[in-house]
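Take a look at the structure below.
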Amino acid sequence: RANAKKFEFQAEVSRLMDIIINSLYSNKDIFLRELISNASDALDKIRFLSLTDKEVLGEGDNAKLEMQIKLDKEKKILSIRDRGIGMTKEDLIKNLGTIAKSGTSAFVEKMQTSGDLNLIGQFGVGFYSVYLVADYVEVISKHNDDKQHVWESKADGAFAISEDEWNEPLGRGTEIRLHLRDEAQEYLDEYKLKELVKKYSEFINFPIHLWASKEVDEEVPADEDESSVDEETSENKSSDEEEVDTDKDEDEKKPKTKTVKKTTYEWELLNDMKAIWLRNPKEVTDEEYTKFYHSLAKDFGDERPLTWSHFTAEGDVEFKAVLFVPPKGLVDSDTLPLNVSREMLQQHSSLKTIKKKLIRKALDMIRKIADEDPDESSAKDKKDIEESSDIRDKKGQYVKFWNEFGRSIKLGIIEDATNRNRLAKLLRFETNKSNGKLTSLDQYISRMKSGQKDVFYITGTSKEQLEKSPFLERLIKKNYEVILFADPVDEYMMQYLMDYEDKKFQNVSKEGLKIGKDSKDKELKESFKELAKWWKGALASENVDDVKISNRLSGSPCVVVTSKYGWSANMERIMQSQTL
Ligand code: ADP
Ligand code: MG
């Protein structure tokens, strides 16, 4: 092509394409999933722009947010067209070849070890899967800000871009033309394609049409010979053909006709676009939620999400949402104002309401994981849970959640004052009495000794170090339970978490620890008063505020305690390690 300009693929992209071309991966169908997903993304983008500027859509067919698929059996071309945002020349160069995405080399590496291409979409390089089935690909694209261009490549390390002077104008959007390899001719089969599109369009909310063949009946004049032959004995007729039942009396007057099957083409809608979140939650199966979850994540493994929540919020702001753990999800609302800019939208009060409700729902959902987990003894009614059918699915799920997201819960406690108590309920930790298992605040409180007012905790670098701490000596001797916080974020968290329900927290390495009094306490205090005074004088006053007789120790003679409002020793250590 005269006006074509050549470009080399970025090295990693080129390697990726080589691997794809030579791949023995058998599930080549996935290329269609990737193309549909890209077309859907492009349609989403133009739809989003159109919310604030209707003009971008243009008029007539252009404004139809849809995909169209065509099969050309003679030329062996499969093409997919969308009326999405399209790509400028610049976009084509960047998106399809010269800029490697961060996932490219990670995916190349993964491919070399596993050979499994299924996750290609997750790594942000799904487009190149077209070379599983095609040896030559053209991408024709029209963006509102540019002329129509063609990108083309035979995956030989280079691609070319030209201003389009040959194809029909797209108006707006992208057409991907796959020149299918000899061994991939099956994708020209309408039946196969329909099945595949159905499979991959379950959660696509734009119509996908196929230029599909259709058998129609057509009346054609019957020739003289044939009409005189008796129907049953006719040998010229194919079995599909049917002769019109004509009335004998009218035979003479009317010209004789017969019906033949004729193949015509028309756009056939392949997907029903019944969005999962608009459906009644009672009618959606676990499998459907799981599939939807995977389509959101572009992760096509078979692992189930830990849990999900599908609900409709009513009131000032109405919306429908499906939330998942691990975090992913979708919110659909008609009550957001559309005639404002994106920045304004983010400030809008409806969005704040939505956020507030979503956080509540998400927290409820996380609590549900714990409530339904038979390993969590705080579960309300163990018997109920054990009777539930999918008990094996739920066992150990909370620990799994906690190991992955515990940090986020702790950060939430720091940042979100409104939900602090709800988040604290989700906390798990070890104590000097938990035998390596995780426990919760509710469980801790239920085990508190009579007369114990505060929740005791200690912070430090490791559980082992904390267990040996002199601060714990007497508490252990007196059979108190102490929370062992060994994560640096715990120290920060506890500056925000002052109380839980009606209990206060007491750092046992700080001033103010109150445990049951001994009758001898007063006597001892009196007899050591002078010694304490002497110590106070002997120690440099800038380092030591006070010297006190206390009952917190059992074996060790003395211990350095931090004042109630100062940093704990652990906090000092953390701060110091940060400034070094
Ligand atoms: P991803 O979809 O994860 O970004 P792909 O490799 O599938 O990765 O696509 C690369 C990029 O090419 C997309 O991010 C998008 O910018 C562009 N692209 C691909 N297909 C289309 C399309 N049909 N319309 C507009 N842009 C597209
Ligand atoms: Mg993609």
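The table below lists the values:
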| item | result |
| --- | --- |
| Theoretical FRET efficiency, 1/(1+(r/R0)^6), r = Cβ-Cβ of ASP334 and ASN543, R0 60 Å, to 0.05 | 0.40 |
| Length added when fully stretched, LYS282-ASP521, from 0.36 nm per residue minus Cα-Cα | 79.6 nm |
| Extension gain, SER577 back to LYS154 (0.36 nm per residue minus Cα-Cα distance, nm) | 146.8 nm |
| Label-point separation, ASP41 to LYS536 (7 Å along Cα→Cβ), nm | 6.9 nm |
| Mean Cβ neighbour count within 10 Å, used as a protection proxy, ranking 167-176, 442-451 highest first | 167-176, 442-451 |
| Region 24-84: C-alpha gyration tensor shape, a/c 1.5 cut-off, then a/b vs b/c | oblate |
| Degrees between helix 349-371 axis and first principal axis of the chain (Cα, 0 to 90, nearest 10) | 70 degrees |
| Helical contribution to [θ] at 222 nm, DSSP H n ≥ 4, -39,500 (n - 2.57), averaged over the chain, rounded to 500 | -10000 deg cm²/dmol |
| Degrees separating the helix 190-200 axis from the principal Cα axis of the chain, which is the longest one | 20 degrees |
| Region 407-464 shape via C-alpha gyration tensor axes, a/c threshold 1.5 | oblate |
| Cβ-derived FRET efficiency at R0 30 Å, ASN435 paired with GLU511, nearest 0.05 | 0.50 |
| Region 468-580: C-alpha gyration tensor shape, a/c 1.5 cut-off, then a/b vs b/c | oblate |
| Fraction of beta bridges assigned by DSSP in the chain that are antiparallel (%, nearest 5) | 85 percent |
| Extended-chain gain in nm, criterion 0.36 nm per residue less alpha-carbon gap, SER350 and GLN495 | 49.0 nm |
| Virtual spin-label span in nm between LYS463 and THR290, 7 Å along Cα→Cβ | 3.2 nm |
| Cut-off 12 Å, label 7 Å out along Cα→Cβ of LYS261, residues of region 204-218 by amide N | 214-218 |
| Overall dimensions of region 58-114 as given by Cα atoms, namely Rg and Dmax in Å | 16.9, 49 |
| Residue pairs, from the table LYS282/LYS361; LYS101/LYS298; LYS282/LYS352; LYS70/LYS192; LYS291/LYS320, whose Cα atoms sit over 20 Å apart | LYS282/LYS352 |
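Laboratory data are not the source of any read-out in this text; all were calculated from the coordinates shown. If you're wondering where the values come from, they're calculated on a predicted model, not measured in any experiment. For neighbour counting, all protein chains shown are included, and Cβ atoms are generated from backbone atoms with ideal geometry for every residue, glycine included.
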